[in-house]
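Colleague: Structure below; questions to follow.
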Amino acid sequence: MPNALITGWGRCVPPAVLSNADLETVTDTSDDWITSRTGIKERRISHVEVSDLSTVAASHALAAAGLGPTDLDLIIVATCSPDRAIPSAATMVQAKLGATRAGAMDLNAACSGFIFALSTADQMIRSGSMRRVLVIGAEKLSYWLDFSNRATSVLFGDGAGAVVLEAAEEEGGLLAFELGADGTAGDLLCVPASGTEGNPLRRELPTILMEGAEVFRRAVTAMGDSASRVVARAGLSLDDIDLFIPHQANVRIIDATARRLDLDPAKVFVNIASYGNTSAATIPIALSEALEAGRITPGANLVLAAFGGGFTWAAAVYRWGRRVTPVGTSPAALPPSSATALELLAPNIAVHGKGV
Ligand code: ACO
């Protein structure tokens, strides 16, 4: 049975920055509140769609793997904010890349989506059915921001991260994973009217609703306990873990989870200050930044953990292979835009109003 190793990685964040000071002009909040309660200083707002962010991240991941688009057998885009319901974001990426041999599908497990997609790709490869799978986590949650709701509108941002998984004889890959869900808690974090429910003539405007305190409590329990279980299932102890890359939703959730695991804070990767919560994209963006920063060494044991709407959660232990540097680089970039974040968010303000 082959192993499935990450051989390429990349990310794409749009250029427009929405700072806490910008948010003070559109909702009743302050830099001090957002920083102390969430750890977020700024987030990115996209002028393009999820398939565009995904395609740039994927081009970097393919170059880092030294592969071309026609080498791919499958593309999975983990997202809850695709350009359209049909066609899927993954088929749009397939077309934009020219990955003519690849199947393509979207996977929605909200913020846990990347680990769900990574483990799906891992099993496809380990079963011998596929050799090279592109896994992307990408979101444009800014589409649903409603500044009359200060509890949610300060948290989310846009971006994409991607990895290429390849069949390999080399040691490494996913040592253990867990995927969980509790659909009875779906209303804790939801976007009503974002699908087919309701009468199309009397549509509510879709917006993110969340019971923050309860999501916080469940997130710490779900991420902490599932991370403990996968580490044990991998035959390791928490002392064997070199880097913990949690979903970036709130720095206090990350800190509380690390304390629950009794993990040294130096082993926890945190970049939420720069991007906020990009849902399924937080872990692959963090992974590519961790590699660039030299935080992942050959043979390193990583723990990934996430929670999200659904309610869903997931955790995985991944042992890195030998190579921690890219084979090549790609010039891929988004079309330039000079629009500010607040200019891009003008339609949100037009439909939902401001919170100040
Ligand atoms: N600015 C200023 N004040 C605010 C803001 C804001 N942006 N938001 C809420 N407040 C106020 C509240 O109104 C409340 O005021 P009150 O005491 O006068 O009533 C006070 O701050 C405290 O509110 P809480 O909701 O208790 O604040 P809390 O410390 O719980 O932080 C937060 C709220 C940040 C939302 C936190 O609960 C959290 O992070 N929850 C988890 C969120 C999360 O991870 N969501 C993503 C899930 S992933 C996915 O699937 C998309």
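The values are calculated or read from the model by the stated rules, or taken from the named source; none is laboratory data. If you're wondering where the values come from, they're calculated on a predicted model, not measured in any experiment. As a convention, Cβ positions derive from the backbone with ideal geometry for all residues, glycine included, and neighbour counts pool all protein chains shown.
Colleague: If a residue must be surrounded by fewer than 23 Cβ atoms within 10 Å (Cβ to Cβ) and within 13 Å of the ligand (Cβ to nearest atom), how many such residues does region 35-62 contain?
Modeller: 5
Colleague: In region 86-95, is there at least one residue being surrounded by fewer than 20 Cβ atoms within 10 Å (Cβ to Cβ), at positive phi and more than 16 Å from the ligand (Cβ to nearest atom)?
Modeller: Checking region 86-95: not a single residue is surrounded by fewer than 20 Cβ atoms within 10 Å (Cβ to Cβ), at positive phi and more than 16 Å from the ligand (Cβ to nearest atom).
Colleague: I'd like to check something: does region 224-246 contain any residue that is within 16 Å of the ligand (Cβ to nearest atom), assigned to a helix (DSSP H, G or I) and not small (Gly, Ala, Ser)?
Modeller: Checked against the condition, which is being within 16 Å of the ligand (Cβ to nearest atom), assigned to a helix (DSSP H, G or I) and not small (Gly, Ala, Ser), region 224-246 yields no hits at all.
Colleague: Looking at this structure, is residue 218 in contact (Cβ under 8 Å) with a residue 40 or more places away in the chain, out of contact with any Gly (no Cβ under 7 Å at 6 or more places or on another chain) and either among the hydrophobic types (A, V, I, L, M, F, W, C) or within 15 Å of the ligand (Cβ to nearest atom) (or both)?
Modeller: So residue 218 fits the description; yes.
Colleague: Of everything in region 63-85 that's buried (at least 19 other Cβ atoms within 10 Å of the Cβ) and among the small types (Gly, Ala, Ser), which residue is farthest from residue 325 (Cα to Cα)?
Modeller: Taking the candidates together, the pick is 81.
Colleague: While we're here: Of all residues in region 99-119, which are farther than 16 Å from residue 283 by Cα, crowded, with 19+ Cβ neighbours inside 10 Å and not acidic (Asp, Glu)?
Modeller: Within region 99-119, 99, 102, 104 meet the criteria.
Colleague: Only one of 145, 174, 118, 188 is of a type outside the set (Asp, Glu), over 20 Å from residue 352 (Cβ atoms), within 13 Å of the ligand (Cβ to nearest atom) and modelled with pLDDT of 95 or more; which?
Modeller: 188
Colleague: Cβ contacts < 8 Å: first residue within 13 Å of residue 142 (Cα to Cα), restricted to region 338-352; second residue in a helix (DSSP H, G or I) and among the acidic types (Asp, Glu), any location; separation 6+ or different chain. Result?
Modeller: From region 338-352, the pairs are 341/22; 342/22.
Colleague: Separate question: Residues of region 175-223 being hydroxyl-bearing (Ser, Thr, Tyr) and either under 19 Å from residue 263 (Cα atoms) or part of a loop (DSSP other than H, G, I, E, B) (or both), which ones?
Modeller: 194, 196, 207, 221
Yes or no, residue by residue, for (1) in a helix (DSSP H, G or I); (2) closer than 27 Å to residue 43 by Cα; (3) within 18 Å of the chain's Cα centre (by Cα); (4) more than 16 Å from the ligand (Cβ to nearest atom):
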| residue | (1), (2), (3), (4) |
| --- | --- |
| 254 | yes, yes, yes, no |
| 270 | no, yes, yes, no |
| 289 | yes, yes, yes, yes |
| 294 | no, yes, no, yes |
| 298 | no, no, no, yes |
| 303 | no, yes, yes, yes |
| 314 | no, yes, yes, no |
| 317 | no, no, yes, yes |
| 324 | no, no, no, yes |
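Colleague: Hey, another quick one. So the check is Cβ under 9 Å with 6+ separation or different chains; which pairs have a first residue in region 175-198 that's touching a residue at least 40 places away in the same chain (Cβ under 8 Å) and charged (D, E, K, R) and a second one that's part of a strand (DSSP E or B) and more than 14 Å from the ligand (Cβ to nearest atom)?
Modeller: Close Cβ pairs satisfying both conditions: 178/315; 178/316.
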